[in-house]
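Reading through the structure tokens given below for one structure.
Just so you know, all these numbers are worked out from the coordinates, no wet-lab data involved. Computed from a predicted structure; not experimentally measured. Cβ atoms come from the backbone with ideal geometry, glycine included; neighbour counts cover every protein chain shown.
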Amino acid sequence: MSTKHVNHLANEKSPYLLQHAHNPIDWYPWGEDAFAKAKAEDKPIFFSCGYSTCHWCHVMERESFEDEEVAALLNNYFVAIKVDREERPDVDHIYMTVCQAVTGQGGWPLTIVMTPDKKPFFAGTYLPKHAMWGRPGLLEVLSMLKEQWDQNREKIEEIGEKLSQSLQQSVVKPKAGELSAATLEQAFTQLLNDFDPTYGGFGPAPKFPTPHNLLFLMRYWRRTGDKKAIAMVIKTLDAMSRGGIYDHLGFGFARYSTDNKWLAPHFEKMLYDNALLCYAYVEAYQCTGDPDFARIAEEIITYVLRDMTNEGGAFYSAEDADSEGVEGKFYVWSRQEILNLLGPELGELVADVYDVTHVGNFEGGANILNLINQDLYDYAAKNNLDITELEAKMAKARERLYQVREQRIHPFKDDKILTAWNGLMIAAMAKAARVLQRDDYARAAERAVEFVLAKLTAADGKRLLARYRDGDAAYKGYVDDYAFLIWGLLEVYETTFNPKYLRQALHISKDLKELFWDDEHGGFYFTGSDGEELLLRPKEIYDGAMPSGNSVAALALLKLARLTDNNEYQAMAEAMFTCFGAAVAHYPRAYTHFLLALDYYLTAPRHIVIAGAKVDAAVQSMLALATRSFMPETTVIYNDPDYQEDLRELLPTMAEQAAVGGRATGYICENFACQRPVQTLEEFKQSLGNLGIEGFAVTQSNNKQ
């Protein structure tokens, strides 16, 4: 990277923009300065959007954006704008939609050329400097577009106008559709048809984890008892945790697998993937009782708290795929390297178990550690080894390899704090805390909440902000920031039963409605009513790598409705079922997180209230049993004597269900009717059993068949 150049990105906070601050290209951040310059000089805009841990963004920078020839062309004839898609997902969403419409595909880096009034007339992704691999070269594209701009302006502006108009068609149009249990059935059938029975997951490579597919299937299994649904979950989660997509030494999942068996990942690690996967593994543990699922969830959290948490308790965004300019270099091993480090006996053992060969299973003869074709129990039996001794040896070897790997040059870490992604990690951390009975996880979730509310709220206290880094919070929050944080707050409330978190969730829900709700048609816009005016105001429902803000909001609103008996929240969710009904009904499997809300809505309401003193062992045992069990349709409340005033205000109905005679008391109410209160753990277990909740429903012995 050259340091003789300094452009307009030098004062930005985004790690991605700062990576380009010394390119010879005169980059501008997205803003009026750039557009005013383009208008004044009558130049088209060259728009490049990516993120700091994007491999192909790095490749395009090395090939083109650090190149003086490319820089001369851009600086003389274009105004160049760089955008961090994680800071400005609104801008990214609009122009990615254009790219997908024009080219039939998307991805980053996103390359757009547009008029000074932001209307696009060229779209693509990665472009090499010169044409290769069937891709046009950036120099040739820029020269052609410059010529067209000078000689055929009318045609250029016509293209820009047509593409801008077609953007309006991409917004989810309100078209009433009826959603029902049959919609859930359709989604299940579509997932079943796409399922890979050999390696788990859905569809061909590249394979993304997409945890909300698994959350949906667990609820479908709970609703119908169909064992094929839970079998798909078990197979997928087990296969992913064995594959190279999982970091067997330092923990955490990479973004996706480039092959169908989860072996070779795209090595970047994203906070949102690890948050959603942690949540899925915790729920799979609830469903199956398999300790391996609990272990993976705990290891993900170990990774996040160790490597992805700042001193204030908030969570960083991502780690790069590359180190020293090579994708995956930090993570891979040669067989000889392992033998040298561990000695011949232990080295051979580790190489055999983790598929490490002289030929290698990755580029250049390198090896990605994996357990795809290996099971420690089978290995111990075949080699007449004691399993306890084998596990101890493997743990020792992993620790040694991890310590050696720590001395390598680490991948770049994007240390910005995103409200939305922190909301997801808070939700996962709180869920794991109550299911796995880990108070330290609860404390970590609470610290992150405290950071976000203190550092990512505008000075007037009225607006969530999207990004914090290096003492600076910026960008008015998007619907994802609000919806994901509400989810996190509800999970923290259900874990700690401190009513302040419920109060905060209600407060942010009020702002969500005021800023984002479409009063005419229903549903939430991606940007607030006070946001920057762009070519359109999108409204997203598709559940991709992350669930959409609308999907998460729909479920959160329904939970708030049942908690507080506030019918307004339910009416909003019902309006969303209507607004998005036709889109969801067309292909339900693309909206699996939205279907979590539908499943919840279609299930008779149930709540469990446990009352009594915190120090009462029976109270704690009842709470532990209720929170360990997989009951996604059930609201569990602790009627805490220390918070009676808050509970009477926030949850008046449930506050009335108090301890009888000063003893631990459990109330189970379903479909608007309550059973008689119970006061012993055995009675409480029996009451849950009568509802079909009997602890772990899939035995450990058969859960990986």
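Of note:
- The chain: angle of helix 271-288 to the longest principal axis, Cα-based, in degrees nearest 10: 30
- Ordering of 28-40, 297-309 by packing [mean C-beta count within 10 Å, highest first]: 297-309, 28-40
- Under a model in which nothing but the beta-carbon of Lys, Arg (+1) and Asp, Glu (-1) is charged, region 331-407 shows a dipole of about 180 debye around its Cα centre.
- Highest average packing first - 379-390, 123-134, Cβ atoms within 10 Å: 123-134, 379-390
- Sorted peptide list for 188-194, 594-600, criterion being average Cβ within 10 angstrom, highest first: 594-600, 188-194
- Förster radius 25 Å - calculated FRET efficiency between D307 and I387, Cβ distance, rounded to 0.05: 0.25
- J(HN,Hα) series, region 646-663, from Karplus relation 6.51 cos²θ - 1.76 cosθ + 1.60, nearest Hz, glycine and proline x: 5, 5, 5, 6, 8, 10, x, 5, 6, 5, 6, 8, 9, 5, 8, x, x, 9
- DSSP-defined beta bridges in region 15-170 - what % are antiparallel, rounded to 5: 55
- Spatial separation of Cα centroids for region 233-294 and region 615-683, in angstrom: 34
- Figure legend: label point modelled 7 angstrom from the Cα of Q437 along Cα→Cβ; residues of region 256-293 with amide N under 16 Å from it are 286, 289-291.
- log10 of Debye I(q)/I(0), alpha-carbon scatterers only, for region 463-612 at 0.16, 0.17, 0.20 Å⁻¹: -0.89, -1.00, -1.33
- Amide hydrogen neighbours beyond the local backbone of K539, cut-off 5 Å, H modeled: V172, F526
- Three-way shape label, region 15-170, alpha-carbon gyration tensor, a/c 1.5: rounded
- DSSP-defined antiparallel bridges as percent of all bridges, the chain, nearest 5: 75
- Whole-Hz ³J(HN,Hα) from phi, Karplus 6.51 cos²θ - 1.76 cosθ + 1.60, for region 47-52, glycine and proline x: 10, 10, 10, x, 8, 5
- Using the rule -39500 (n - 2.57) for each DSSP H run of four or more residues, divided by the residues of the chain, the 222 nm mean residue ellipticity is -15500 deg cm²/dmol.
- Potential lengthening between Y377 and E348 on full extension [0.36 nm per residue; Cα-Cα distance subtracted]: 8.7 nm
- Relative to the dominant Cα principal axis of the chain, helix 138-151 is inclined by about 60°.
- Rounded if a/c under 1.5, otherwise prolate or oblate - region 147-279, Cα gyration tensor axes: oblate
- Mean separation of Cα contacts under 8 Å, 6 or more apart, over the residue count of the chain: relative contact order %: 12
- Integer Hz, Karplus 6.51/-1.76/1.60 couplings in order for region 626-636, x for Gly and Pro: 5, 7, 6, 6, 7, 9, x, 8, 10, 9, 10
- For region 219-360, the relative contact order is 16 percent, taking Cα pairs closer than 8 Å that sit 6 or more residues apart in sequence and dividing their mean separation by the residue count.
- Two-decimal log10 I(q)/I(0) for region 331-407, as the Debye equation yields it once each C-alpha is a single scatterer, q = 0.12, 0.17, 0.27 Å⁻¹: -0.31, -0.63, -1.39
- Measuring nothing but how far apart in sequence close Cα pairs (under 8 Å, 6+ apart) lie, relative to its length, region 15-170 scores a relative contact order of 25 percent.
- Sites R153 and T189 - FRET efficiency at Förster radius 60 Å, r taken between beta-carbons, to 0.05: 0.70
- Label-point separation, N566 to A673 (7 Å along Cα→Cβ), nm: 3.0
- In degrees, nearest ten, helix 211-224 long axis to first principal axis of the chain (Cα): 30
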